[in-house]
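**Student:** Dropping the structure in here first, questions after.
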Amino acid sequence: MSDTVYLAGISLAALTFFLVLIGQMRRQKSFNGRFLFFCCLFSPAAAFVLSRGNVYLFGGFMTRIRGFFSLNPYDYSVMGTLLGLVAGTAAAARLTRTSTGAALDLMTPAAFCALAIARFAEGFSDFGWGGLVFDERFQFFPLCVRDMYEQFHLAVFLFEGIAAVFLVVFLPRTAVGHGDRFTRTFCRFMLSQIFFESLRAETLRIGFVRVQQVECAVFVLVMILIILKRNKHSAGICTAVHLCTVGIAIFCEFALDKITSIPAPVVYTILGLSLIVCDVVLERFFHRELVRSQD
């Protein structure tokens with residue numbers, strides 16, 4: 001029953017993506033039937049392939065024996081899904097000679113509305129949990145959820161869903177068409193996901209390295225190099241700040257695994273503050289560069 005509800009939630013998320021995308025196109029008076037058709041064709045396909053492929057490559061033997069078309073929620077990744085939506089939207093834009101920046105700006109609120117629903121739906125599956133919570137003072141919803149063995153886990157999926165809602169509510173208030181909304185919102189997500197991935201009990205790992213944290217860090221670095229390619233000074237500052245943040249994240253992951261003398265709340269505070277600082281710096285330089293490119 002719970003798996004059925006979860007799959008229904010994923011179906012609702014997919015429907016929401018397309019409805020919000022259509023609404024955004026009509027709101028911006030940029031409705032393009034050909035673009036919408038190809039976006040509806042390419043985006044789900046790319047999201048499926050990259051989401052499943054990500055886990056197929058890094059998820060180990062068990063996910064491979066279930067086959068590429070597995071319906072198990074553990075066999076798909078949020079990073080692959082979002083990057084698939086980006087790739088599918090960009091491909092549709094190129095094919096229909098639509099501005100790629102405008103297409104990605106229109107897609108951004110649709111993607112995170114869908115992500116919020118998908119995250120909340122994880123509550124109906126054995127997925128999206130954090131570590132066990134033993135202190136009875138904190139064993140309550142929405143902070144924790146109970147598993148089949150009456151043990152309490154941190155409700156990470158709920159925090160991630162709320163974060164996705166915040167990303168939609170606080171979209172950058174800039175003109176659609178130059179990629180500013182897409183770039184800044186996706187970088188915010190990637191930085192926040194580095195934090196949430198650390199909380200998740202079930203995630204893609206190679207040793208103590210969490211694969212999707214690495215993917216988030218790489219995505220942000222790519223955005224820095226693309227957006228600031230014409231301004232080497234700004235690109236250097238942002239790259240240095242980002243790499244320092246990545247270094248702190250690596251230390252925090254190592255500390256959580258090996259340095260038990262540092263309390264976990266302290267480690268997560270350090271990690272969270274470093275990610276916030278990185279986001280503030282990137283926001284400033286990205287917005288300045290994108291405004292300059294419009295002049």
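The values are calculated or read from the model by the stated rules, or taken from the named source; none is laboratory data. Note that the structure is predicted; figures quoted are calculated from it, not measured. Neighbour counts are summed over all protein chains in view; Cβ atoms, including those assigned to glycine, are modelled from backbone coordinates with ideal geometry. Note: areas computed on protein heavy atoms with side chains; ligands, DNA, RNA excluded. Shrake-Rupley method; radii C 1.70, N 1.55, O 1.52, S 1.80 Å.
**Student:** Which number in (1) closer than 22 Å to MET107 by Cβ; (2) touching a helix residue (DSSP H, G or I) at 6+ places or on another chain (Cβ under 6 Å); (3) open to solvent by less than 40 Å² (accessible area, probe 1.4 Å); (4) not hydroxyl-bearing (Ser, Thr, Tyr) marks the one condition that ALA217 misses?
**Tutor:** (1)
**Student:** Suppose we filter the range 249-286 for residues that are touching a residue at least 24 places away in the same chain (Cβ under 8 Å), under 22 Å from the mean Cα position of the chain (by Cα) and over 21 Å from PHE186 (Cβ atoms); how many remain?
**Tutor:** Qualifying residue count, the range 249-286: 3.
**Student:** Quick check on my filter: what residues within the range 1-33 are free of Cβ contacts under 8 Å to residues at least 60 places away in the same chain, within 20 Å of the chain's Cα centre (by Cα) and within 19 Å of TYR74 (Cα to Cα)?
**Tutor:** SER11
**Student:** Among the residues of the range 62-106, how many are within 18 Å of VAL49 (Cα to Cα) and either not in a helix (DSSP H, G or I) or not aliphatic (A, V, I, L, M) (or both)?
**Tutor:** Counting residues in the range 62-106 that are within 18 Å of VAL49 (Cα to Cα) and either not in a helix (DSSP H, G or I) or not aliphatic (A, V, I, L, M) (or both) gives 19.
**Student:** Considering (1) open to solvent by 30 Å² or more (accessible area, probe 1.4 Å); (2) closer than 18 Å to ILE226 by Cα, say which one GLY123 fails and leave the rest.
**Tutor:** (2)
**Student:** Just need a number here: residues in the range 228-260 that are in contact with a Lys or Arg (Cβ under 8 Å, 6 or more places away or on another chain) and either surrounded by fewer than 17 Cβ atoms within 10 Å (Cβ to Cβ) or within 12 Å of PHE208 (Cβ to Cβ) (or both).
**Tutor:** 1
**Student:** Now, a different point. For the range 134-170, enumerate the residues that are surrounded by 20 or more Cβ atoms within 10 Å (Cβ to Cβ) and part of a loop (DSSP other than H, G, I, E, B).
**Tutor:** ALA155
**Student:** Applying the selection to the range 99-116, what residues are open to solvent by 10 Å² or more (accessible area, probe 1.4 Å) and among the hydroxyl-bearing types (Ser, Thr, Tyr)?
**Tutor:** Across the range 99-116, the qualifying residues are SER99, THR100.
One line per residue, one yes/no per condition, for (1) modelled with pLDDT under 90; (2) under 18 Å from the mean Cα position of the chain (by Cα); (3) of a type outside the set (Val, Ile, Thr):
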{"residue": "PHE48", "(1), (2), (3)": "no, yes, yes"}
{"residue": "PHE61", "(1), (2), (3)": "yes, no, yes"}
{"residue": "LEU82", "(1), (2), (3)": "no, yes, yes"}
{"residue": "ARG94", "(1), (2), (3)": "no, no, yes"}
{"residue": "GLY101", "(1), (2), (3)": "yes, no, yes"}
{"residue": "PRO109", "(1), (2), (3)": "no, yes, yes"}
{"residue": "PHE120", "(1), (2), (3)": "no, yes, yes"}
{"residue": "GLU136", "(1), (2), (3)": "yes, no, yes"}
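**Student:** So, one more: Those residues that are free of Cβ contacts under 8 Å to residues at least 24 places away in the same chain and part of a helix (DSSP H, G or I), I need them from the range 38-61; list them, please. Outline the logic, then answer.
**Tutor:** As a first pass, look at the range 38-61 and keep what is free of Cβ contacts under 8 Å to residues at least 24 places away in the same chain: 40, 56-57, 60-61.
Correct list: CYS40, TYR56, LEU57, PHE61.
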